[in-house]
Structures are given as C-alpha cells and as structure tokens.
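Structure, as structure tokens:
Every read-out reported here was derived from the displayed coordinates using simple, explicitly stated rules and does not represent laboratory data. Worth saying up front: this structure is predicted, and the values here are computed from it rather than measured. Don't worry about glycine lacking a Cβ; one is built from the backbone with ideal geometry, like all the others, and counts go over all protein chains shown.
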Amino acid sequence: MKITDTFSQRTLTLAPSLLVLALALAGWQSQAHAQNPAPDTAGKIQETPAGQIVWHHVGRVFINPSNGQFVYVGYLVHIGGIDSSLFNGSPSESTAYFTFSTDVAQLTPLPNNGDVALDLVSAGTFSVYYNAKPNGDWSNPTSFSSGKLIATFQRKESLFPQIGPISFHSLSETLLSSHSFEFDGQTWNFSHIAPHGITFAQFFSTAPQRGAAEYPVAFSGAGTVMAIGDPEDRR
C-alpha cells in the first residue's frame, strides 16, 4: 500500500501503528510510586521479572483524519499472576473487567523515508481501569475508561514507522501512579506487579473500520506488555 503525502490519507494508513506508539512511548525506567498504600495482600504479590509478560491486550485506535487526533482503547485478556478469568462470561470487549484508554493524542506526519512512513506521536498517558460490571463497547470509546482507575503510565513523544499493511512497534512507559484493587480474592497493585514500568510490543492492521462520532475511523490491534527491570540492577 502506497502512503500518500496528504495528512488525512496518511493518517488513515498509519493510525493503527501510530497509536501503538502512543501507548508505549516513554523510554523511562524510573521507579514508580503508588498513590494509595496497598494492603498486606498486595505486598505479597511478586514483581514481574524483567522481560516477562505483564499482560496481553486487544485494542482499537480511533482517529480523526481531519486533525490527526486519536485515542487508543481496549481490554486486557491476561494479567500475570492472576489465574482466574478476566471476563464476566464469554470473553469479549463487553465482558472484560480490565480496560484501558490513552489520553487524546496527536499524530504529526514526517516526510517518508523511501517506502517507510514516519510519524510523531505526542507525549501523554495510558490508563488502566477495573470495572466490576463490564460495559466495553467499540462504538463508544469512552466506555473503556469507566470503572475504577487502577494505573496510569506515562509516555514521551516518539517516532513511529510503518512499512506495508501491518504496523508494529515496541516502546516503554513509566508507571506514574497506581491504586490498589480487589480481584479474585486478593488485593493487587501495579506498583508491585510492574513498579519499574512496562514495554509494549503490538501489531495493528491498516484495514479501516467504522469508528465513533469524534473519531470516524478505527483500526484493530493486539499486543503484549513486558516488565522493565530495576535500574539499580544494571549498576
């Protein structure tokens, strides 16, 4: 697929992969701090070893081609350490207890480098939510930011490339804040699960789908998040 030079057309082609970046932009590896102290059970949760999986997720990038603004939303299908199902019934976006959403991000195109399309994704945040009564709905992106906010990760502006019809990128984010939550008979907190941040590895299709009111175009994706190790261990 040839990526044109017009902003709106490039946005339609690049959005999926670019938002991937939006989720995983920051390269920081500093230690995060929980806003709410975790109960004793959270303190017993083992930290995810560096390079091992923190979670798997399914998502969609919703973009407005006229101005390059987008949000990336979706749900978690697995969290390391939690053995029970993360769904209230048959697995889908509408039954997922754990969902996520970025802030409104901005896509800025750069000149192509040959057949490699290049864009910048703005700095911002990626938040994870727990909803005891799941209600995720692809036709309503804001439904993925309902429930209790349990973690917020921070990203910096970053470069995202695309080659061909499939987008891929891996970038890191720092845990900015976290809140304890009850699930499966235990108390959990991302300050114990991934205190030093996370690294995303994600794939997106460039085949456009119907979006929502503010973001008329959407792109489907899925990915894996891995734990960043303690910077002190490398000294």
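Structure notes:
- Three-way shape label, the stretch 135-223, alpha-carbon gyration tensor, a/c 1.5: oblate
- Counting 0.36 nm for each residue step from S139 to S84 and taking away their Cα separation leaves a gain of 17.0 nm.
- With a simple spin-label model that places each label point 7 Å from the Cα along the Cα-to-Cβ direction, the separation between F183 and A213 comes to 3.0 nm.
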